[in-house]
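*Asks:* Okay, handing you the structure first.
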Amino acid sequence: MIKKSIEVDGTIIAYLEEGSRLDPCVLMLHGWPETSLIWKDIIPAVVESGFRAIAPDLPGFGLSDALEEEPTLERYVSFVSSFMAKLHLTHVHLFLHDWGGMIGLKWASQRPSRVLSLLISDTLYTHQAKWHPLAETFRTPQLGEQMMAAFADWGRFKGTMKQEIPTVTDRVVEDFYELLSTAEGRDLSLQLYRNTNFEELLPEAGKLSRVRTPVTIVWGEQDEHTPQQMAYLIKENELPQAEVHIIPEAGHFIHLTCPQEVQAIVRAHLDVFDDEAAWKQARVY
């Protein structure tokens with residue numbers, strides 16, 4: 001897959017795009033320290049289901065330039081709107097992972113009428129969430145800088161990724177490493193974690209329930225970063241219509257470690273929209 005590039009509010013953004021522009025769009029948002037390549041095995045299933053797949057490298061990640069402003073969750077939410085406007089996307093299906101879930105779900109809670117459906121994977125989105133130990137390290141002065149310095153070592157980063165995702169290719173690891181290969185990227189990472197507090201999501205509680213379209217939640221059973229209990233909290237607190245799928249023995253990066261299982265779940269989710277009556281029902285807000 002070859003990345004394209006586009007200028008969004010003065011920032012050059014790299015992205016993957018496959019499928020016909022006449023087809024409805026599945027917008028896919030990645031997490032940390034990922035890039036659009038987290039979706040490389042999922043995009044073909046989306047296109048084969050009759051949909052257009054678009055996956056940006058979020059600003060500062062992969063081959064995308066960083067935002068000029070200080071990185072905050074709300075600023076990335078604004079970026080999603082700007083990116084969609086640039087590509088003339090009005091309504092989208094969202095497939096979200098990790099930080100992409102926090103960004104995309106907040107975007108969806110503010111603009112429920114633009115959400116055709118949601119696919120949610122391994123993320124944190126509730127004021128009841130707690131940071132995992134690695135994130136707490138990032139959020140701690142000095143310790144965070146030390147950890148980022150360690151990740152700046154290519155050999156250590158590659159080893160960590162290979163341990164998390166044994167089948168990952170060097171190309172994907174190298175793409176992920178773009179973020180951590182510069183002092184600016186490492187600083188962006190620390191700022192993003194330190195600028196985000198789950199207590200700030202309390203005013204957002206319940207707003208996702210205004211999304212009445214189909215929702216599928218897919219999770220790795222052994223995810224140590226975002227435990228599977230979060231999948232049920234999102235369903236219970238925000239999206240009662242959601243179907244929850246837990247992939248046995250899978251970790252955080254399910255899109256790369258068990259793509260066939262994720263592909264099957266994605267196809268089943270999107271197959272709903274092959275039926276005209278189901279499509280019309282999904283568009284009622």
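The values are calculated or read from the model by the stated rules, or taken from the named source; none is laboratory data. Here the structure is a predicted model, which is why all the values come from computation and not from measurement. Neighbour counts run over all protein chains shown; Cβ positions are idealised from the backbone, glycine included.
*Asks:* Quick test for you: out of GLY60, GLY19, pick the one residue that is farther than 25 Å from HIS245 by Cβ, at pLDDT 95 or above and over 11 Å from the mean Cα position of the chain (by Cα). Show your work before the answer.
*Replies:* Numbers: GLY19 fails: farther than 25 Å from HIS245 by Cβ.
Going through GLY60, GLY19 in turn, the sole match is GLY60.
*Asks:* Is segment 235-251 home to any residue that is in contact (Cβ under 8 Å) with a residue 12 or more places away in the chain, surrounded by 18 or more Cβ atoms within 10 Å (Cβ to Cβ) and acidic (Asp, Glu)?
*Replies:* yes
*Asks:* Moving to a separate point now. Would you check which residues across segment 67-101 are among the hydrophobic types (A, V, I, L, M, F, W, C) and out of contact with any Leu (no Cβ under 6 Å at 6 or more places or on another chain) and list them?
*Replies:* Residues satisfying the conditions are LEU67, LEU73, VAL77, PHE79, VAL80, PHE83, MET84, ALA85, LEU87, LEU89, TRP99.
*Asks:* Scan segment 169-202 for residues that are of a type in the set (Lys, Arg), farther than 19 Å from LEU63 by Cβ and crowded, with 18+ Cβ neighbours inside 10 Å and report the count.
*Replies:* Narrowing segment 169-202 to residues of a type in the set (Lys, Arg): 171, 186, 194.
Add one more test, that the residue is farther than 19 Å from LEU63 by Cβ, and what stays is 194.
When the remaining residues are screened for being crowded, with 18+ Cβ neighbours inside 10 Å, the result is none.
Of the residues in that region, 0 qualify.
*Asks:* Going by the conditions given, is ALA149 surrounded by fewer than 21 Cβ atoms within 10 Å (Cβ to Cβ), among the small types (Gly, Ala, Ser) and in contact (Cβ under 8 Å) with a residue 12 or more places away in the chain?
*Replies:* yes
*Asks:* Within the set of pairs 6+ apart or on separate chains, which have a first residue in segment 194-217 that is on the phi > 0 side of the Ramachandran plot, a second that is not in a helix (DSSP H, G or I), and C-beta atoms under 9 Å apart?
*Replies:* Once the first residue is on the phi > 0 side of the Ramachandran plot and sits in segment 194-217, its partners that are not in a helix (DSSP H, G or I) give GLY206/GLU238.
*Asks:* I would also like to ask the following. Could you figure out which of (1) in a helix (DSSP H, G or I); (2) surrounded by fewer than 16 Cβ atoms within 10 Å (Cβ to Cβ) isn't true of PRO166?
*Replies:* Among (1) in a helix (DSSP H, G or I); (2) surrounded by fewer than 16 Cβ atoms within 10 Å (Cβ to Cβ), the lone unmet condition for PRO166 is (1).
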